[in-house]
Amino acid sequence: MEVKNNMVQMKVMEEIARMVVRAFYDEETVIVMDVVMFMTKQSGSSVRDEDVAAEAKLQHKSVRRVLSKLEKNYLVKSFTRKETRGGKEMMQQYWRIDYKMLIDAIKLRIHRMKKALHVMPVEAITKYMCNNCTDDDGNHPCWDEHDVQQLQFGIECFEVEKSNDHGGQADIHQRMQKQLSRLIDALKKSEEVHNTC
């Protein structure tokens with residue numbers, strides 16, 4: 001039973017790692033993280049950055065840069081040890097994913113984001129509304145500044161009024177919660193699985 005719980009917990013933590021990397025990092029970082037996850041799972045231990053570069057078919061220098069960035073963000077961990085190759089003694093760097101550290105770093109980031117939203121000043125959002133026109137449901141069309149900039153044909157009616165809407169912090173907080181809901185649910189699931197072990 002404990003082995004099954006550990007496997008479930010590991011799958012949940014891998015899913016969280018994949019979600020975070022895909023949501024907040026570029027394509028090259030996603031590839032490197034996926035390769036590190038795959039290789040450490042296959043070998044059961046840490047991997048050399050050279051091996052990650054070869055498996056990902058990326059340059060060693062760029063892989064090392066990506067891994068350093070991930071380490072600064074507490075998503076991977078590294079250590080060095082002396083190795084002898086071809087009669088030469090050299091320091092070799094190894095990388096692994098410390099899922100406990102990764103989960104704690106994500107929780108801290110989410111907490112900081114929520115805290116920052118509560119103290120962040122709310123900017124006025126300019127909205128454009130036409131009182132003459134109606135859509136199929138009988139509502140007056142309404143656009144924000146971003147929508148107006150995206151309109152290729154422009155606003156056809158000359159009766160459009162401009163108003164400033166001070167969208168509250170609660171609205172911003174709700175949007176963030178909605179966008180991060182899958183990640184937050186996965187974090188809760190990892191805690192539940194951890195508590196049952």
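The numbers here are math on the coordinates, done by the rules we state, and not lab data. Since the structure is predicted, the reported quantities are computational estimates derived from the model, not experimental observations. For neighbour counting, all protein chains shown are included, and Cβ atoms are generated from backbone atoms with ideal geometry for every residue, glycine included.
Ranking Met33, Met39, Met91 by Cβ neighbours within 10 Å, fewest first, what do you get?
Placing the least packed residue first, the sequence is Met91, Met39, Met33.
Expected output is a single nm value to one decimal: the length gained when fully extending between Lys69 and Glu191, i.e. 0.36 nm times separation in residues minus the C-alpha distance. What is it?
41.3 nm
Zone of Ser62 (label point 7 Å along Cα→Cβ, backbone N under 20 Å): which residues in region 31-47?
The answer is 31-39, whose backbone nitrogens lie closer than 20 Å to the label point.
With r as the distance between the Cβ atoms of Ser181 and Ala116 and R0 = 22 Å, compute the FRET efficiency 1/(1 + (r/R0)^6) and round to 0.05.
0.75
Can you order the peptides 7-16, 75-84 by their average number of other Cβ atoms within 10 Å per residue, highest first?
Listed from highest to lowest mean packing, they are 7-16, 75-84.
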